[in-house]
């Protein structure tokens with residue numbers, strides 16, 4: 001990954017959950033590591049990303065947005081494409097006033113069983129969310145409402161509570177749908193008349209443009225921090241081997257910011273804050289899921305309670321040149337096992353085959369194979385080029401819906 005030059009003690013921490021225990025000893029022995037661990041693995045991807053495209057204008061998402069200064073009462077345009085330092089304060093105030101009513105605080109309660117403690121305990125986690133509809137749908141991170149750790153067994157969220165801007169009422173929320181693959185989730189409260197956030201265009205984000213992180217860090221609701229977009233299309237790989245493409249920012253992101261918004265100088269959401277890099281000598285390295293990538297995900301979650309994806313149905317292992325040569329195989333994806341009743345089984349794929357291409361595109365890893373597959377639709381027919389017993393052949397596979 002691109003951060004290899006950093007100290008090995010550095011790690012990507014999810015910044016979604018700030019945990020507190022309802023048992024005194026649990027707080028010291030379990031919850032402190034739980035804060036940085038339950039929803040935040042090392043990263044390579046943790047929770048602020050628990051936890052994966054990117055770009056936008058210097059100060060906005062469209063022609064009218066590429067302006068220098070934005071007043072708190074009027075987002076005006078100017079001929080300059082550079083941020084005016086004299087108007088920076090007005091820009092920040094205006095952005096905060098616009099976006100804060102669309103950001104919520106989230107508190108989640110879990111039952112936790114620890115390998116260090118036989119007695120189950122109750123823990124709470126703090127996170128953030130972005131209102132996406134006036135009737136109560138809220139976009140957040142999956143790791144906030146569905147957490148896991150090698151040291152803890154965590155129940156499904158027992159209770160999810162939402163806090164609105166300038167409103168002390170606790171609103172009970174239901175989990176509409178979650179997607180571990182993208183670390184996104186949708187929850188809902190029964191209330192109308194909310195202020196949905198205005199979404200920007202993350203495909204036009206520019207390095208160096210204004211960025212503000214808005215959320216609920218450490219349970220401190222309605223907090224903002226500002227900076228710039230440090231990088232776009234940043235590839236980050238988590239401890240499970242999942243690779244995400246994220247927006248990097250130096251706006252301060254802390255535990256509890258997960259699920260909150262990264263916004264541009266027009267107050268438009270360009271990303272969902274998801275993780276940060278921590279460690280000795282590390283400062284100002286936070287990451288957000290590009291908002292354009294979230295749209296098809298939350299639309300599926302609202303409609304189906306899951307994300308509909310095309311599915312082949314086999315587990316594979318990447319074969320690099322050294323491993324392939326040692327085992328008298330070719331570089332590609334080694335088929336370890338075939339799932340029963342899957343598209344792969346129906347097409348005749350076998351364990352021991354090595355997949356070297358999909359639809360004519362050469363691949364060497366499962367990530368590359370999935371990237372091509374995910375551009376297809378359920379029901380599409382794809383062609384896998386495989387090597388079986390030293391002989392190359394093609395197999396036609398009709399993609400099914402992922403269970």
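Would you mind calculating the gained length between residue 174 and residue 228 on full extension (0.36 nm times residue separation, minus the Cα-Cα distance), in nm to one decimal?
Here the answer is 16.0 nm.
Rank-order 221-234, 387-400, 359-372 by packing density, defined as the average count of other C-beta atoms within 10 Å over each peptide's residues, highest first.
On the way: 221-234: 19.1, 387-400: 13.8, 359-372: 16.2.
Going by the mean number of other Cβ atoms within 10 Å, highest first, we get 221-234, 359-372, 387-400.
If you count, for each residue, the other Cβ atoms within 10 Å and average over each peptide, how do 341-350, 285-294 line up from highest to lowest? Intermediate values should be presented prior to the final figure.
Working: 341-350: 17.4, 285-294: 26.4.
Highest mean packing first, the order is 285-294, 341-350.
Could you give the length gained by full extension between residue 88 and residue 181, i.e. 0.36 nm per residue of separation minus their alpha carbon distance, to one decimal place?
Result: 29.8 nm gained on full extension.
What is the spin-label model distance, in nm, from residue 341 to residue 402 if the labels are put 7 Å beyond Cα along the C-beta direction?
1.9 nm
Could you give the nm distance between label points at residue 321 and residue 299, where each point is 7 Å from its Cα heading toward the beta carbon?
With each label placed 7 Å out from Cα toward Cβ, I get 4.3 nm.
Residues of the stretch 202-217 with the amide nitrogen closer than 20 Å to a label point 7 Å from the Cα of residue 97, along Cα-to-Cβ, please.
Residues 210-215 qualify, since their backbone N sits under 20 Å from the label point.
Separation between the residue 134 and residue 109 pseudo-spin-labels, each 7 Å from Cα along Cα→Cβ, expressed in nm?
Roughly 3.3 nm, to one decimal.
Say a paramagnetic label sat at a point 7 Å from the Cα of residue 378, along Cα to Cβ; which residues of the stretch 332-366 have their backbone N under 15 Å from it?
In the stretch 332-366, the label zone of residue 378 (backbone N under 15 Å from the point 7 Å along Cα→Cβ) covers 342-343.
Rule-based calculations on the coordinates, nothing more; no lab input. It should be emphasised that the depicted structure is a prediction, and the values quoted were computed from it without experimental measurement. Neighbour counts run over all protein chains shown; Cβ positions are idealised from the backbone, glycine included.
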